[in-house]
1. In deg cm²/dmol, rounded to 500, what helix-only [θ] at 222 nm does the protein assembly as shown give when every DSSP H run of at least 4 residues adds -39500 (n - 2.57) and the total is split over its residues?
2. In chain B, which GluC sites (Glu not before Pro) fall in coil by DSSP and have 10 or fewer other Cβ atoms within 10 Å?
3. For chain A, set up a Gaussian network in which alpha carbons nearer than 10 Å are linked by springs, and say which option among A:Val229, A:Val159, A:Val41 fluctuates the most.
4. Order these by the 10 Å Cβ neighbour count, fewest first: A:Lys113, B:Lys39.
5. Below 20 Å, Cα to Cα, which aspartates and glutamates can A:Lys298 reach? Residues fewer than 8 away in the same chain don't count.
6. Towards the positive end of the charge dipole of region A:1-137, with charges on Cβ (+1 Lys, Arg; -1 Asp, Glu), say which of A:Gly120, A:Met67, A:Ala90 has the farthest Cα.
7. Counting only C-alpha contacts under 8 Å and six or more residues apart, can you give the relative contact order of chain B as a whole percent?
8. ³J(HN,Hα) across region A:274-291 via Karplus (A = 6.51, B = -1.76, C = 1.60, θ = phi - 60°), whole Hz, x for Gly/Pro?
Amino acid sequence: MAGTVQCHGYKAFGLQILSEFALPELPRTDQPGRIGSLSVVEGRLSERWEAISKITPNLGIAEHEVMFMVKGTAIFSIQNGSTITVSPAAGADPDSIRLFILGSCMGVVLMQKGILALHGSSLVLDNKAYALVGRSGAGKSTLASYLMDQGHLLVSDDVIPVLVHNGHPLAVPGYPQQKLWQQSLDYLGMNSSAYRPLFQRETKFAVPVHDRFQSEPLPLAGIFELSVVQDGQVAVEAISGLDRLHTLYNHTYQKALVDPMGVREWHFGLLASFVNRLPMYRLTRPEQGFSAPQQTEKIMETIMPKVKEMNL
Amino acid sequence: MNMNITEVLSLDSVLVQREGNIASDMDGEKVMLNVKNGKYYNLGEVGGVIWEALASPVSLRQIAGKMQDIFEVPAELAQQDVIDFVQNLLNEDLVSIVSGP
């Protein structure tokens, strides 16, 4: 790009992001991140998009490159875990472009860099990071928001980068924002008109959480998989054995890209390298009603005895 | 019912890993994923050694000999363990018979 383009340095996902696109929700930095730097540039991609071999009509994969197209928004290319190139469509909404840069593109960047990313929210409980994972609608965001209301800090929302060092997983912070559905906001007594809706998702809102954000990585001490049971009550049970490997795979961010990108062996090996040291629980809640307080109680009951044992 | 279950293995049976499985080390134990059906297996430490031996066609007698050396167990015990374990692998369709019985 021409020298007149201003490049901002931002901090997110353990990376310094040097972006030609303004990313106002991200904190600024002029330092390289823990896992390096990433450039986000604008460029023409139509020829390359034609040439790349397609997995689906909107997704192309080459050895060190993943490309995808969002009609009316942009073509994105993610290369070598170091560069995101964006080719905006005419009249594209900048909010929408940003949503894909910080979501789908980041997921690919992390995978290209050999960093595991889980799909869910992670929070600080008892000075360690815990991940909340689960299907869409399981209540991840609502519970995360409730926990933050109780004074617990957010480590990341939606994409949880996990660095594994000598078998010890570390949760890396995302950026200080939470995406919440209208229903979650209602439960929590928030007024949605104060927040800007995320593009094309009128019922989902971006909530800045600068004052409740954990900005440094923390050991990942456990995972809670949230699920809904029709007539059940709030309950927790340990996930054991090989089910734990399966659970981690299931909640890997953009797991559908693991095989097309040819990284299944790496992914499986990485999970195996730390899964034995990571407690995992299934936390169920009834379909009806607001059960975040009871869920929180169960989570605390589950993790606190371990602390007592350690203090003895 | 898996047809392989009726196959009877002997020490002279030669078997080999089927493709499409990813194995990894988990604190000394071998864990495995069958990519085709998404099934996970824990082969354990001993099973992991047997699995590795099956990377290229090998007779159960050869594997048993190797186990005897590594784990310092009597020949008969090693042979029986190898036959039992490989039978399980065969039932799960993780290995195939190159020549038998």
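1. Numbers: 11 runs with 114 residues, N = 413.
Result for the protein assembly as shown: -8000 deg cm²/dmol, rounded to the nearest 500.
2. Sites meeting the loop and neighbour criteria: B:Glu19, B:Glu72.
3. Top of the fluctuation ranking is A:Val229.
4. Numbers: A:Lys113 18, B:Lys39 15.
Least to most surrounded, the residues fall as B:Lys39, A:Lys113.
5. List returned: A:Asp126, A:Asp149, A:Glu225, A:Asp231, A:Glu237, A:Glu287, A:Glu309.
6. Of the options given, the answer is A:Gly120.
7. Details: 148 pairs, mean separation 40.6, N = 101.
In percent, rounded to a whole number, it is 40.
8. Values, residue by residue: 10, 4, 5, 9, 10, x, 9, 9, 9, 10, 9, 9, x, 5, 8, x, 9, 10 Hz.
Computed from the coordinates by the stated procedures, all read-outs in this text should not be read as laboratory data. Bear in mind that the values here come from a model prediction, so they are computed numbers and not experimental data. All Cβ positions, even for glycine, are placed from backbone atoms using ideal geometry, and neighbour counts span all protein chains on display.
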